[in-house]
Amino acid sequence: MITLYSEQQALHCNIQEVLSGELVPSFEVAGRTEIVLKHIMARGLGPVIKPDHFMIESAARVHTREYVDFLQVAWQQWQETFPESTTQAMPYCLPVRRFRSICPDHIEGKLGYYSSDLTAAIVEGSWQAIWASVECALAGQQLIQNGERSVFSLCRPPGHHASQDQMGGYCYLNNAAIAAQAYLDNGCQRVAILDVDYHHGNGTQSIFYDRADVLFTSVHADPSWDYPYFLGYSEETGEGDGKGFNLNLPLALNSHWSDYEPALQKALDKIAAYQPDILLISLGLDSYEEDPISFFKLKSDNYTTMGRLIAELGLPTQFIFEGGYAVDALGTNTANVLEGFQQ
Ligand code: Q9C
Ligand code: ZN
């Protein structure tokens with residue numbers, strides 16, 4: 001299986017985030033994808049390729065043009081406004097209930113307008129990394145549409161919490177959604193997304209919620225008990241044309257593989273019935289028992305089984321990297337999924 005990876009993705013970092021009320025170093029670090037790359041190579045899973053360049057227009061098919069343009073200039077605007085602030089651009093005031101949905105002129109207001117939380121800071125190299133991450137997704141999509149049966153887009157920063165016009169949850173542009181739309185724009189009729197990240201993929205759900213040409217399925221922590229809290233409940237089944245094309249399978253905190261596997265099988269059955277041209281996996285590994293910010297109990301071996309179950313669908317499959325913060329085990333667990341898929 002070919003892996004798509006770009007070193008430019010390391011130019012982005014979140015400096016700090018809030019964990020249980022304390023400011024701590026961010027969990028979303030460049031070392032995450034570096035260790036995955038190391039294990040992919042050590043296990044001989046296949047060639048690693050740097051993606052070609054792609055045009056901004058493909059991102060604007062699922063995000064608003066204003067949002068994509070803003071991401072490109074946010075750091076520069078921040079520096080012009082706060083020349084003494086050299087670490088990170090961050091909002092603090094967001095357009096929540098009873099505020100107007102209006103884009104202010106001040107950079108701090110704009111950051112709030114385009115954010116769903118405070119975990120997606122912008123630093124000097126963020127845009128280069130964000131775009132390189134999208135390019136890994138789009139290069140993978142091209143390979144699949146040129147006949148490859150499976151690819152792994154080793155994207156960072158992740159994407160599944162980013163909606164049409166909001167960053168959040170370490171995500172800026174939605175790599176999986178951009179790839180899904182690119183498949184449709186290049187002749188596919190139906191794309192299925194299986195999101196196995198521990199957190200609900202609220203951004204991806206939002207983008208395709210009223211559409212029947214993308215099926216979104218997700219197994220994740222009950223949002224009543226963990227991030228993103230305000231989306232990801234089982235009664236969210238889609239709206240308008242999209243009614244019936246959104247499947248949320250929330251699980252209780254502390255779920256083990258014995259709880260996880262039946263939910264995963266439900267998602268896989270739904271995907272099989274949908275008969276998609278392509279399967280996209282939002283591959284988060286934060287369901288691992290030792291993940292520092294998550295509360296599922298999956299073990300390393302379970303990821304091999306996960307890969308094998310996904311392969312049973314027999315579909316052209318693109319894996320897109322999302323979360324996972326137990327850095328030491330991240331390489332093993334990711335490679336297990338891909339190896340399980342190929343066995
Ligand atoms: N400070 C992804 O897995 N909440 N994003 C962190 C600890 C945000 C996770 C709580 C979690 C976002 C792609
Ligand atoms: Zn996650």
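How large is the Rg to Rh ratio of the range 1-63 when both quantities use alpha carbon positions and Rh follows Kirkwood?
Ratio value, two decimals: 1.09.
Along the charge dipole of the range 236-343, which of LEU298, LEU253, LEU279 sits closest to the positive end, that is, farthest toward it, with unit charges on the beta carbon of Lys, Arg, Asp and Glu (+1, +1, -1, -1)?
After comparing all options, I get LEU279.
Normalise the Cα radius of gyration of the range 115-246 by 2.2 N^0.38 Å (N = residues in it) and let me know the number.
With N residues counted in the range 115-246, Rg over 2.2 N^0.38 Å equals 1.04.
For SER126, SER206, SER234, which order do you get if you count the other beta carbons within 10 Å of each Cβ and list the fewest first? Each step should come with its number before you reach the end.
Working: SER126 24, SER206 21, SER234 11.
So the residues, fewest neighbours to most, are SER234, SER206, SER126.
Percent relative contact order of the range 140-256, based on C-alpha pairs within less than 8 angstrom and at least six residues apart?
20
With a cut-off of 8 Å between alpha carbons and a minimum separation of six or more residues, what is the relative contact order of the range 1-153 in percent? Numbers along the way, then the final one.
Working: 186 pairs, mean separation 59.4, N = 153.
Worked out over the range 1-153, it gives 39 percent.
If one computes P(r) from the Cα atoms of the chain, what percent of pairs lie at distances over 37 Å? Show your work: numbers first, answer last.
On the way: 5978 of 58653 pairs.
I get 10 percent for the Cα pairs in the chain exceeding 37 Å.
Rounding to the nearest 20 debye, state how big the charge dipole of the chain is about its Cα centre with +1 on each Lys and Arg Cβ and -1 on each Asp and Glu Cβ.
Here the chain has a charge dipole of around 480 debye.
Could you pull out the pairs from LYS243/LYS266; LYS50/LYS299; LYS266/LYS299 whose alpha carbons sit more than 28 Å apart here?
Cα-Cα > 28 Å for LYS50/LYS299; rest within.
What Kirkwood Rh does the range 18-127 have if only Cα atoms enter the pairwise 1/r average? Answer in Å.
Radius from the Kirkwood sum: 16.9 Å.
Bear in mind that the values in this text are calculations on the coordinates, not laboratory data. These figures come from a predicted structure and were not determined experimentally. Every residue, glycine as well, gets a Cβ built from its backbone with ideal geometry; the counts of neighbours run over all protein chains shown.
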